[in-house]
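I have placed the structure first, in the form of structure tokens, so that the comments after it can refer back to it.
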Amino acid sequence: MRKRLFIVIAVLLLTGMQSQTRPANKLTVEKTYFMSKIAKPLRDYIDGFNKDDFFKDDFFNDLLKKIVLEKKYTEKEKAQLFYLMEKKVGYSFTGLEYLPPLQSYFTYHTGKTFILQNTAKVFKDLDYNISGLLQVADSSRTKDAVLSGNALLLATVLNSVAVTRRLEFYTTTEAINSSRHPDIFNHYACMSASIAQNTVVTANLTKNLMTFGQNGMLEDVLCAIYSKDNFVTTMKVYILGEKNPNHDLAIETALNALAAKVPKASVEKSIKSLIVSAREPWKVQLCKDLLDSKIPFNYRLTSKDQLINKTWDGVSATVYTDGTMIINAGLMEFDPN
């Protein structure tokens, strides 16, 4: 799966995207998150491998297992190395996702979840003690959402059974909103919940769906809920209750999740029902456009032949010849090509 992703990204980078015609400023790059927050020996270790190899599932999983079992690394360093590995394949998150062609955000999220679940299978019988990683997640949540989120996600990959009860806290509105960057921590909490979930976690996600006020955060919650077989009535309640026309992408993600769960005829029936029930003209028109296939691939950011940069609210991204600079509420990160 990672190898197929690499081929797609490589082709798209070669064909070109709208970007600056110069490389990013080196002095600026040195101030970014991974350069300033992660020790150079850790960066050098990951950079010492051929980047193409990270897109091979066996290589990625074997390297992660080696890192996890290496006693010289602290739990914090393991979470940071995991972040650097995810960064190599474009799966790290600081406010920007890269949507491959022909994929809505829900289908993209589902693909990421599938890959992480396969990685989790490598550690299934290891019975790894995740208490140290959860301590890192706890201690850094209000200071460094990237570190906290990656410690949580790595803990989930290593021992999804043991982490589930802790997710009952991490998925609460209070835990997410009190983190250093709620959008970043919510993303990782939702990725974790997509792998490991119980009724309490589902209830937390449902509450967040009715509470959050950002498109991207709502979409992550919807993806987490419908990565599992939860009731589709939840999305109907959300869609009918949504009052903000700027949350159109969240509604599209909800309906893309529905399309993944039920037959096409049932999706069309549901959209027609929404058209009848919805009171807001913008929402009715959105549903009609989806029903009439006026929104390509049922998600307006999707492209048939381009990689799409999907930014969260308040996040800016500048594409340079050598990578993408991301700025998110005081956090600056650079994703090299």
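Every read-out reported here was derived from the displayed coordinates using simple, explicitly stated rules and does not represent laboratory data. This is a predicted model, so every value here is computed, not measured. Virtual Cβ from ideal backbone geometry, glycine too; neighbours counted across all protein chains shown.
For the stretch 151-258, which chymotrypsin sites (Phe, Trp or Tyr not before Pro) are in a loop by DSSP, counting at most 10 other Cβ atoms within 10 Å? Don't skip to the answer; put the middle values down first.
Working: sites: 169, 170, 185, 188, 212, 226, 231, 238; in loops: 212, 226, 231.
Filter output for the stretch 151-258: empty list.
For the chain, how big is the tail of P(r) above 33 Å, as a whole percent of Cα pairs? Please report the intermediate quantities before stating the final value.
Values: 14079 of 56616 pairs.
Of all Cα-Cα pairs in the chain, 25 percent lie more than 33 Å apart.
Could you list the chymotrypsin sites (Phe, Trp or Tyr not before Pro) in the stretch 10-110 that lie in coil according to DSSP, counting only those with at most 14 other Cβ atoms within 10 Å of their Cβ?
Here the chymotrypsin sites (Phe, Trp or Tyr not before Pro) that fit, given the DSSP loop and packing criteria, are 49.
Most mobile of 69, 96, 286 per a Gaussian network model of the chain (Cα springs, under 10 Å)?
69
Where in the stretch 70-147 are there trypsin sites (Lys or Arg not before Pro) that are in a DSSP coil and have at most 13 other Cβ atoms within 10 angstrom of their Cβ?
Working: sites: 71, 72, 76, 78, 87, 88, 112, 121, 124, 141, 143; in loops: 71, 72, 124, 141, 143.
Those that pass, being in a loop and sparsely packed, are 71, 72, 124, 143.
Report the local net charge at residue 70: Lys and Arg +1, Asp and Glu -1, summed over other residues whose C-beta lies under 15 Å from its C-beta.
Values: positive: 65, 66, 71, 72, 76, 78; negative: 62, 75, 77.
Charge balance in the 15 Å sphere: +3.
Which Cα, out of 49, 95, 192, lies furthest along the positive dipole direction of the chain (beta carbon charges, K/R +1, D/E -1)?
Looking along the dipole axis, the top candidate is 192.
Restricting to Cα pairs below 8 Å that are 6+ residues apart, what does the relative contact order work out to for the stretch 284-337? Please round to a whole percent. Walk me through the numbers on the way to the answer.
Values: 44 pairs, mean separation 9.6, N = 54.
The value is 18 percent.
Counting Lys and Arg as +1 and Asp and Glu as -1, what is the net charge of the other residues whose Cβ lies under 12 Å from the Cβ of residue 331? Spell out each step's value before the answer.
Working: positive: 31, 37, 143, 180; negative: 144, 183, 333.
Spelling it out: positives minus negatives among the neighbours equals +1.
Where the centroid of each part is defined by its Cα atoms, how far is the stretch 267-306 from the stretch 133-207 in Å?
31 Å
Limiting things to C-alpha atoms, what are the Rg and the maximum Cα-Cα separation (Dmax) for the stretch 8-155, in angstroms?
Both quantities, over Cα of the stretch 8-155: 16.2, 49 Å.
For the chain, what does the relative contact order come out to in percent, with C-alpha contacts under 8 Å and a separation of six or more?
Working: 477 pairs, mean separation 79.6, N = 337.
Relative CO of the chain lands at 24 percent.
Provide the convex hull volume over Cα atoms per residue for the stretch 209-337, in Å³. Numbers along the way, then the final one.
Details: hull volume 16.6 nm³, N = 129.
In the stretch 209-337, the Cα convex hull volume per residue is 129 Å³.
Taking the 0 to 90 degree range and rounding to the nearest ten, how far is the long axis of helix 248-261 tilted relative to the main principal axis of the chain, both from C-alpha atoms?
90 degrees
Any chance you could give the angle, 0 to 90 degrees and rounded to 10, that helix 281-291 forms with the longest Cα principal axis of the chain?
The answer is roughly 80 degrees.
Give me the Å³ per residue figure for the convex hull around the C-alpha atoms of the stretch 100-160. Intermediate results must be reported in sequence, preceding the final value.
On the way: hull volume 5.2 nm³, N = 61.
Cα convex hull per residue, to the nearest whole number: 86 Å³.
What does the charge add up to near residue 321, with Lys and Arg as +1, Asp and Glu as -1, over the other residues with Cβ less than 15 Å from its Cβ?
Values: positive: 22, 26; negative: 322, 335.
My count for the surroundings of residue 321 gives 0.
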